[in-house]
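This report refers to the structure that appears directly beneath it.
The values are calculated or read from the model by the stated rules, or taken from the named source; none is laboratory data. In this text, all values refer to a predicted model and were calculated from it rather than measured experimentally. No Cβ is skipped: glycine too gets one built from the backbone with ideal geometry, and neighbour counts run over all protein chains shown.
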Amino acid sequence: MDTSRKFFTVCPRDCYDTCVMITRVEGGQVNSIRARADHGITRGFLCKKGQRALEYVFSPERLKYPLRRVGRKGEGKFERISWESALSILAGKMEKILEEYGPESILPYSYAGHMGLINRYFPQRLFNRIGASDLDYTICSSAGKEALRYHYGTAAGMDPEDLVNSSLVVVWGMNPAWTAQHIYSIIARSGAKVVVVDPVKTETAGRAEMHLQLKPGTDSALALGVINYAISENLHDQEFIRRNTIGFDALARRASEFTVEKVCGICGIGEGEFLEFAGECCSTKPAAFLIGLGIQRNLNGGEMVRAISLIPAVTGNIGRRGGGLFYSNSAYFTADLTAVSGVPSRARRSINMVRLGEALLDGRLDPPVRFLFVYNSNPAAVCPDQNRVREGLAREDLFTVVHDLFVTDTADYADLVLPATSFLECFDIHFTYGGLYVAVNEKAIDPIGEARSNYDLFNELSARMGYPELCESPESVARKLLGTGTGYMDGITLEELMEKGFVRLRTPQMPHVAFSDLRFRTPSGKIELCSGLAQAEGLEGVPGFTEIKGDYPIRLLSPFHRDLSKSQYHNIGAIFGGDAQAVEISREDAAARGISDGDRVRVFNARGDCIIRAKVSPKVKRGVAVTYGIAWPKLLEGGKNVNFTTGSETSDIGGCSTFHTNFVEIERA
Ligand code: SF4
């Protein structure tokens, strides 16, 4: 007889799938973690990161007690201290800095290291209350969200469960076979024809019926070429366009500049390939277009998403079962996150998280950042322009606190390092940016060592700093949050979640058909092929193509590895057994530089360099290289990862990161 107790748990990784599981615990020990079979996305399996989650939770490398720095910044030398003295140092230092330099000299730095909404947003209550600098969350998806807002009024699109009804799935700049394995399995089940647009022959591209291997950053030219092809071949859906869009003439004029010949020259593809691809996009219905997050991490990332997003509108694939656009569905979750985070007590400055290095080094910032509080993030691995990030973190007049499960590269620079809980050790509520489910994560085991959740830490800190009104139990926060849900979230309660583990959004259809009412959240209520919002913000109403040139000959792409979640798991051998120190380059580029497979090479540009191993690969074309990450620099030869070469310039719209606009040279080391 199974005498274990069952807990509803959720994989907290920054992943489209947000898998739900049952964790069984007996005598305080975890017996098993199993994927739920009755959840429309999880469907009974976990990826390796989920299957081996216990090796992460119980890693011998877990940080078990607070540490205080005793060595130089970056050296990673610490001594153990008690929580009492850690909190007393922390509260005392924050109060002193508040008094001497003002609240904006304090900068919280966080992202999606834990996707649970309470662990993610509760710490903001204190920062909002004191009026600390605001962190602009731009590292991931902001350009694409802005792009879709211009034309559709929202980024929320296809329910991934509706992909079973698609006849064609165009996977554009995304590798779901690695990064959204459950959504990929739905596509595989659908029997749809899969076409991939990607500069790299990824696993998804390798398994697809067709792969268009275009030059990086040329996607908007390709998309406008497809629109031009649709119009000139009379394959556009005139009735749909007439009823549901505005601005067709302006778009048609712009698209007419993108002839087959011109597009093929810009994108580096053959005319036959283009015609086959365009023919599929325009003739096969219903067609789903999946736009990856990586594509918009480019200087021209916004215009690329804008252009791609208009293909399903012109071809009449919006609002129909099995058709549409998929990018990020977080906007379906209408609950008001300020129930968790509170609201700012005053107007304060905002600092773009991609520009951390500049923010820490900018002598003109008034006041300068004097206190950095890092949680749910590892900026000394994931931020671009690492030389500047580290120069900033090394400032002696900067006090840095890191709350994490492990002593990361960032923690090595911290004055205080505080142990954080894993998902099994704390309660939370999860939304997702993939499927349409809300889920609860119950606390299944006691914290390892002296670890504390983000909300326990900030409840304690808030009380010590004289703000007891900010303190609240996570269950009470969850009730308040769910109580603000409207529309598809209306009536979802904590009680229902505690009974079932997860609840599907209450959409009228199952699967949900996005925009089935053909009402759009734009000012006109229609799809704005020529966007008035974009024009009001000083942009062109219709997307175009901007050629991006670099000072170095090879464009280095750095997407995420299948077995990593951003920088998480690189230190967990049981999960990440892969090669975080390889760069795939084409045969031509390797031969021109005398590089052989397996050679140690130096990848460099004016921003910095890293030592890595060359993998001569047919998966990239001449002038393109790819390395998968994000590796912990300190675990690599030379202590540097690819982000020592990436830049902190931001995208054309949304202030987004531009990791994939990175030009380098590669030479034998
Ligand atoms: S990383 Fe993603 S696919 Fe893997 S278990 Fe977690 S949510 Fe599921």
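Under 6 Å between Cβ atoms, at least 6 apart or on separate chains: pull out the pairs that start in region 220-235 with a residue that is farther than 19 Å from Val305 by Cα and end on any residue that is crowded, with 23+ Cβ neighbours inside 10 Å.
Leu235/Cys282
So if I check each of Ala156, Ala147, which one is in a loop (DSSP other than H, G, I, E, B) and more than 30 Å from Met465 (Cα to Cα)?
Ala156
Take the residues in region 187-201 that are surrounded by fewer than 24 Cβ atoms within 10 Å (Cβ to Cβ) and in contact with a His (Cβ under 9 Å, 6 or more places away or on another chain); name whichever of them is farthest from Asn298 (Cα to Cα).
Val195
State which residue pairs qualify: first residue under 18 Å from Val200 (Cβ atoms) and at pLDDT 95 or above and inside region 258-273, second residue part of a helix (DSSP H, G or I) and charged (D, E, K, R) in any location, beta carbons under 9 Å apart, and separation of 6 or more residues or different chains.
Cys267/Asp219
Please note which strands (runs of 3 or more DSSP E) are completely contained in region 1-74 and include at least 1 residues that are within 11 Å of the ligand (Cβ to nearest atom) and at pLDDT 95 or above.
The strands (runs of 3 or more DSSP E) meeting that bar are 5-10, 20-26, 29-35.
Kindly establish whether Ile548 is assigned to a loop (DSSP other than H, G, I, E, B), in contact (Cβ under 8 Å) with a residue 24 or more places away in the chain and more than 25 Å from the chain's Cα centre (by Cα). Spell out the reasoning first.
On the way: assigned to a loop (DSSP other than H, G, I, E, B): yes; in contact (Cβ under 8 Å) with a residue 24 or more places away in the chain: yes; more than 25 Å from the chain's Cα centre (by Cα): no.
Against the criterion (assigned to a loop (DSSP other than H, G, I, E, B), in contact (Cβ under 8 Å) with a residue 24 or more places away in the chain and more than 25 Å from the chain's Cα centre (by Cα)), Ile548 does not qualify.
So which residues in region 245-263 are within 15 Å of Ser220 (Cβ to Cβ) and buried (at least 20 other Cβ atoms within 10 Å of the Cβ)?
Leu251, Arg254, Ala255, Phe258, Val263
Taking the condition assigned by TED's automatic domain parsing to the domain that holds Ala307 and either under 30 Å from Leu482 (Cα atoms) or in contact with a helix residue (DSSP H, G or I) (Cβ under 6 Å, 6 or more places away or on another chain) (or both), does Ile572 pass?
Against the criterion (assigned by TED's automatic domain parsing to the domain that holds Ala307 and either under 30 Å from Leu482 (Cα atoms) or in contact with a helix residue (DSSP H, G or I) (Cβ under 6 Å, 6 or more places away or on another chain) (or both)), Ile572 does not qualify.
So which residues in region 363-400 are surrounded by fewer than 22 Cβ atoms within 10 Å (Cβ to Cβ) and among the aliphatic types (A, V, I, L, M), if there are any at all?
Within region 363-400, Leu365, Ala394, Leu398 qualify.
Could you check how many residues of region 281-306 are surrounded by fewer than 21 Cβ atoms within 10 Å (Cβ to Cβ) and in contact with a Leu (Cβ under 6 Å, 6 or more places away or on another chain)?
Of the residues in region 281-306, 1 are surrounded by fewer than 21 Cβ atoms within 10 Å (Cβ to Cβ) and in contact with a Leu (Cβ under 6 Å, 6 or more places away or on another chain).
Using the structure shown, decide if Tyr121 is touching a helix residue (DSSP H, G or I) at 6+ places or on another chain (Cβ under 6 Å) and more than 17 Å from Val417 (Cα to Cα). So that I can check it myself, show each step before the final result.
Details: touching a helix residue (DSSP H, G or I) at 6+ places or on another chain (Cβ under 6 Å): yes; more than 17 Å from Val417 (Cα to Cα): yes.
For Tyr121, the condition - touching a helix residue (DSSP H, G or I) at 6+ places or on another chain (Cβ under 6 Å) and more than 17 Å from Val417 (Cα to Cα) - is met.
More than 16 Å from the ligand (Cβ to nearest atom), closer than 30 Å to Ala414 by Cβ and in the same structural domain as Leu416 (by TED's automatic domain parsing): is that true of Leu107 in this structure?
Judged against the criteria, Leu107 is a match.
Looking at Phe423, Phe431, Phe399, Phe427 in this structure, which one is more than 30 Å from Glu499 (Cβ to Cβ), of a type in the set (A, V, I, L, M, F, W, C) and at pLDDT 95 or above?
Going through Phe423, Phe431, Phe399, Phe427 in turn, the sole match is Phe399.
So which pairs qualify, if the first residue must be in region 574-599 and free of Cβ contacts under 8 Å to residues at least 24 places away in the same chain, the second must be assigned to a loop (DSSP other than H, G, I, E, B), the Cβ gap must be under 7 Å, and the two must be at least 6 apart or on different chains?
Between residues of region 574-599 that are free of Cβ contacts under 8 Å to residues at least 24 places away in the same chain and residues that are assigned to a loop (DSSP other than H, G, I, E, B), the close pairs are Phe576/Asp563; Phe576/Leu564; Phe576/Tyr569; Phe576/His570.
Just need a number here: residues in region 435-459 that are closer than 26 Å to Thr42 by Cβ, buried (at least 21 other Cβ atoms within 10 Å of the Cβ) and of a type outside the set (A, V, I, L, M, F, W, C).
So the count comes out to 6.
In region 556-572, how many are on the phi < 0 side of the Ramachandran plot and in a loop (DSSP other than H, G, I, E, B)?
10
Considering only residues that are in a helix (DSSP H, G or I) and under 32 Å from the mean Cα position of the chain (by Cα), which ones fall in region 99-124? Before the answer, list the steps.
In the first step, residues of region 99-124 are kept if they are in a helix (DSSP H, G or I); the result is 99-101, 103-105, 117-121, 124.
The answer is Pro103, Glu104, Ser105, Leu117, Ile118, Asn119, Arg120, Tyr121, Gln124.
Among the residues of region 430-475, write down those that are among the aliphatic types (A, V, I, L, M) and farther than 16 Å from Arg125 by Cβ.
Hits for region 430-475 are Leu436, Val438, Ala439, Val440, Ala444, Ile445, Ile448, Ala451.
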